[in-house]
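Asker: Below: one structure in structure tokens.
Bear in mind that the values in this text are calculations on the coordinates, not laboratory data. Computed from a predicted structure; not experimentally measured. Cβ atoms come from the backbone with ideal geometry, glycine included; neighbour counts cover every protein chain shown.
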Amino acid sequence: MIPRVILHNSASIDGRIDWLTPNVELHYELAAYWRADAQLVGSETILISTEEIPEEADPNVEDLAAQQPQSPGDTRPLLVIPDSRGRVRTWDMLCKMRHWRGAVALCTHSTSQDYLDYLGSLGVEYILVGADLVDLRAGLEALHTTYGIQTVLVDSGGTLNGALLRAGLVSEVSLLIYPCLVGGTTPQSFFRAPDLAKQAGVIELDLIAVEQVRTGIIWLRYAVKNKPE
Ligand SMILES: NC(=O)c1ccc[n+]([C@@H]2O[C@H](COP(=O)([O-])OP(=O)(O)OC[C@H]3O[C@@H](n4cnc5c(N)ncnc54)[C@H](OP(=O)(O)O)[C@@H]3O)[C@@H](O)[C@H]2O)c1
């Protein structure tokens, strides 16, 4: 069994996530709606966002190892990052941010032993799924089996969203649409994937809810109707 997977993005009317300055507080306030027990974050999103975090340690934080999957009363989500190439080296800093109750890396059988040793030295757990790229279905299954994960909120750019959508793993799509148009020819939408070869690949959606959450900002929620063929 795989957990319920929800994509949640802030985008322009033309579906782009670049050149946009989303209201981050609103984005995460609404993300809390699903009470997800895991947050799946693209490695690129993490690499970009941690560039902005100051490096100095917070003296009040616990050891990372002490924060691994733990007390039943802790409702914070588990942080999960697919990182086949072992690029994320900020796990200690991420866990010290206290947004998550623990952290798990999704790696592959080709991820370097050096990186797996680095994760081990921090007490970050990892799951090996896939040969080169992370096998997302197997990773989601393992999250359910190993950690009992029921609901995964995806916090990523178009690449991870695209891989999940094309693999038929997404249950719900949530979009905060900002009243602006970006335009451009680079593929910077919240859904990046190879062009379709046939109509059957179009993912049909059922509207669940539409709400104006701030002046001009529309929150759209859709259930995925069909899985791509
Ligand atoms: N507006 C919003 O709501 C919003 C939200 C989040 C992020 N963002 C923005 O999005 C940008 C980053 O997005 P991005 O699209 O470049 O990267 P991303 O989606 O954050 O990261 C790509 C992820 O997809 C994985 N991946 C790629 N292809 C795969 C496949 N075929 N199978 C399995 N896993 C696969 C990669 O794993 P590997 O590392 O193993 O390759 C990586 O973890 C940033 O600028 C960020 O600020 C916007």
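Asker: Rounded to two decimals, what is Rg over Rh for region 130-190 when you use alpha-carbon atoms and the Kirkwood radius?
Answerer: Expressed as Rg/Rh, it is 1.05.
Asker: Which of the peptides 220-226, 103-109 is most tightly packed, and how do the rest follow, going by the mean number of other Cβ atoms within 10 Å of each residue?
Answerer: 103-109, 220-226
Asker: Related question: Quick one: plug the Kirkwood hydrodynamic radius of the chain (C-alpha pairs) into Stokes-Einstein at 10 °C, 1.306 mPa s, and report D in µm²/s.
Answerer: This corresponds to a translational diffusion coefficient of 86 µm²/s.
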